[in-house]
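The values are calculated or read from the model by the stated rules, or taken from the named source; none is laboratory data. Keep in mind that what you see is a predicted model, and the values were worked out from it rather than measured. Using ideal geometry, Cβ is built from the backbone for each residue, glycine included, and neighbour counts are taken over all protein chains shown. Keep in mind that these areas ignore ligands, DNA and RNA; they rest on the heavy atoms of the full protein, side chains included. Shrake-Rupley method; radii C 1.70, N 1.55, O 1.52, S 1.80 Å.
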Amino acid sequence: MTSGQPGTGNARPTPTGVTAESQQATTAAAGTPTQQNAAAKQDAAEGGTAAGDSTAEGTDAAKDGDAAKGSDAAKDGDAAKDGDAVKDGDAAKDAKADETDGTDKADSGAKPVGPERWEAFASAPEPKPSIFSRAGRAVGRFLIHEWTLAALGSLALAVLMTWPTLRYPRYTLPQDYWDPSLQAWQMAWSGHILLAEPARLWQSNTFFPELWSFAFSDTLLGYAPAGMLGSGPEDAMLRYNIMFVLAHALATLGAYALARQLGAGRIGAAVAGVSYTYAPWLLAQAGHLHVLSNGGIPLALAMLARGHGWSLRHGYRPERRHDGWVYAGWLVAAWQLSLGFGIGLPFAYFLAGAVLVAAVLFFARRLRTRQAVPFGRRLFVADVLGGVLFAGVGLLMAFPFFKVTELHPYAERTIGDISLFSPPASGFVTAPGESRIWGGLHEGARAALPWHPEMTLLPGFVLYALAAGGLLFSVWRLRHRLLLLAGVLLTMAFAMGTRFFDGTFTYVPLFEHLPGWSGLRTPGRLMLWTTLLLGLLAAGAVTALTDRVRELTAQRIPSWPGPWLRMATLLPLLLVTVEGLNTTPHPVVPTQPAAMRSAEGPLLVLPSNQSLDQHVMLWSTSGFPDVVNGGSGFTPRQLDDVRRVSQSFPDQTSVDYLRTLGVRTVVLLRGQVAGTPWEINIDAPVDSLGISRQDVGDAVVYRL
């Protein structure tokens, strides 16, 4: 049956619904074979088929060059059959076939139906989006993505929960102005020296003329990029306060990511993140940024677990492996270690133990199943390179500390030192004074603790309750809940130091046999791991609750109570947030003396003691002159000698001794001399000593 219209070179498909005229024309054409044969010959002579015909017959006819000669007989026969079909009353079937093929089967006797009359009823073509609309959609998808919302929520919560840290960030510091001043100097020094003279990183401008003085305490070296921005004490305080807030935000985001990777729901993961960051015991550590900067621990674990395709809820899923996340996890772990060994060293040993256990379980499963467990060469290479990077950073960081121990063997801790800071069991239910909810209620309990800033270890009563519920009702398997419980109890025992059976089976073996462990002064900071494990137990319980509420909401007809039930699932998150509210003070830092801005180094600032010297370190960020002063976890003997001899300054003995050390300038602060030997000598004549004296602001400057 021919498919082209005679004399039409660009026929279009006939629209659905054949008219009566076209059916009559088709019947007439089918009843006159002679005319149909003539039409077929004319079609063949003009090209065989219409240009718009897309059927197989039209394609074959277009390829055959002699279609007019070789197909006459077949077309005659087809025409006769078509005529019979029409006579038998099958015109309707032909019309239906025409609609299916999408071609106009009418011959030259039929008047073609124009398609333009139907175009008005067709749907308008969808406009192609512009580059701006595509970019807008991409930005919109990014802004509503879970991880974008989690990051922004963590940052907003950090600003609110640490307020008023960012109210006067150039003039105040959280908790107190002793250790924060030291840590503000640390960030400023590392950024400054890495830009100016990187080889001198560990030979800082403080504790002159001691060597490796930057390793006298944890360094916060990972914050060096921030230290490259700005200069002077005010910028150092601004930098510290910003990093203080960001450290809280990163801790919340890291714990959230870990809980999500392990299989917790969004609300359960949020409970884990908030409880990990704002646990009441951490409020006593508000002056120790190197302790609060712990977000890299859960974040690195989350990345490594994701890269290896493993979660607590679903187990090992090889199809989800991705070596990029493994590299990222090891990089974040190395950065966390660079912030300090106080919490970085236990993290390093945990990673080493986790790698060992994972390798043993991997090969044990392979032997048990007699099958090769999928792992992959790329993942193995990523673990090897990442582990080498992590170990390399650890060794480079550890070398200066070993040099300090070699030069100052008395700086190493003893079991007696550890005993002074080991908390009793009552510390786990005692909150620090900075807790807005429990601080006043636990005042008597704190008074019974020998050193309560490091012994008030309450992670939160709400967290205790949620974790206990997680042992009975959780999305985690029973064996995983029991393992988490064992981890909680074990880390608590280690956090007690020598208070748990004298540490014979817990802390003391680590202290004696693990390299570097003897440098950890406060066992109670291991409570960080207890808090994280309690948060994961709580996340399992809250996730099970939210899943159950979702099921109940879906089953209710009508579903009116659904929103109220879902709002009830936010109650655990609200409670752990409220329990983390604080009353942390934000004192104003003493202003830098005018004499410190122009004094030439090496210089000594008097009076000198552990606390005041931390201010001097902060003030020295204006140009970083060499200063004899310094405050750290221990006091070098030479600095002890300087403080002892200089109590009689200015006299010949102290002047000669300071000249021997290379000191060129002494700055005596009038506002600090009350009750000290300098209160009498500050205005004494110095002509006979061969030195000069000048009043600069509220200080007296002596040039030796």
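Subtracting the Cα-Cα distance of LEU166 and LEU229 from 0.36 nm times their residue separation leaves 20.9 nm of extension gain.
In this structure, SER130 and ARG370 have a Cβ-Cβ separation that, at R0 = 56 Å, corresponds to a calculated FRET efficiency of about 0.45. The phi-based Karplus calculation (6.51 cos²θ - 1.76 cosθ + 1.60; θ = phi - 60°) puts the 3J(HN,Hα) values of the range 431-447 at 9, x, x, 7, 6, 5, 7, 10, x, x, 5, 9, 4, x, 5, 5, 5 Hz, whole numbers, x for Gly and Pro.
Whole-Hz Karplus values for the range 565-579 come out as 5, 5, 5, 5, 5, 7, 4, x, 5, 5, 5, 5, 5, 5, 5 Hz, taken residue by residue from phi with 6.51 cos²θ - 1.76 cosθ + 1.60 and θ = phi - 60°; glycine and proline positions read x. On the beta carbon distance between SER123 and ILE144, with R0 = 35 Å, the FRET formula returns roughly 0.75.
Computed from the C-beta positions of PHE402 and HIS513 and an R0 of 22 Å, the FRET efficiency is 0.85 to the nearest 0.05. The residues packed around ALA541, meaning those with a beta-carbon under 12 Å from its beta-carbon, carry a net charge of +1 if Lys and Arg are +1 and Asp and Glu are -1.
Annotation: amide H of VAL627 within the under-5 Å range of THR206, PHE207, PHE208, LEU603, sequence separation 5 or more or interchain, hydrogens built in the peptide plane. The local environment of ALA568, defined by Cβ-Cβ distances under 13 Å, has a net charge of +3 under the rule Lys, Arg +1 and Asp, Glu -1. Placing unit charges on the Cβ atoms only, positive for Lys and Arg and negative for Asp and Glu, gives the range 329-418 a dipole magnitude near 720 debye about its Cα centre.
Between VAL388 and TYR349, the simple spin-label model (points 7 angstrom out along Cα→Cβ) gives 2.7 nm.
Just the number, please: carbon plus sulfur as a percent of the accessible area of the range 320-424, 1.4 Å probe, no ligands or DNA/RNA counted. C and S atoms contribute 71 percent here.
Distant-in-sequence amide contacts of ASN582, defined by a placed amide H-H separation under 5 Å and a gap of 5 or more residues or a different chain, comprise ARG436. Computed packing ranks the peptides 523-532, 236-245 as 523-532, 236-245, most packed first, by mean other Cβ atoms within 10 Å. Counted by Cβ distance under 15 Å from ALA486, the other residues give a net charge of +3, where Lys and Arg count +1 and Asp and Glu count -1. When a 1.4 Å probe is rolled over the protein heavy atoms, the share of accessible surface on the range 595-704 that falls to carbon and sulfur comes to 46 percent.
For the range 512-521, 3J(HN,Hα) computed residue by residue from phi via the Karplus equation (6.51, -1.76, 1.60; θ = phi - 60°) reads 8, 10, 8, x, x, 5, 5, x, 7, 8 Hz, glycine and proline entered as x. Inter-part distance, the range 130-206 to the range 431-508, computed on C-alpha centroids, equals 30 Å.
Annotation: amide H of VAL696 within the under-5 Å range of VAL701, sequence separation 5 or more or interchain, hydrogens built in the peptide plane. For the range 594-704, the solvent-accessible area with a 1.4 angstrom probe is 42 square angstrom per residue.
Peptides 448-458, 192-202 ranked from most to least packed by the mean count of surrounding Cβ atoms within 10 Å: 448-458, 192-202.
Placing a pseudo-label 7 Å from each Cα along the Cα-to-Cβ vector at THR504 and ALA425 gives an inter-label distance of 1.7 nm. Per residue, the range 312-391 exposes an accessible area of 59 Å² to a 1.4 Å probe, with every protein chain left in place. Here the peptides 158-164, 376-382, 580-586, 178-184 are ranked by packing, the mean other Cβ count within 10 Å, and the order with the highest first is 178-184, 580-586, 158-164, 376-382.
Taking 0.36 nm per residue of separation and subtracting the Cα-Cα distance, full extension of the segment from ARG313 to ASP695 would add 130.5 nm.
For the range 522-673, the mean projected area of the C-alpha convex hull, equal to one quarter of the hull surface, is 14.8 nm².
Remark: spin-label model distance GLU679-LEU571 equals 6.1 nm, labels positioned 7 Å along the Cα→Cβ axis.
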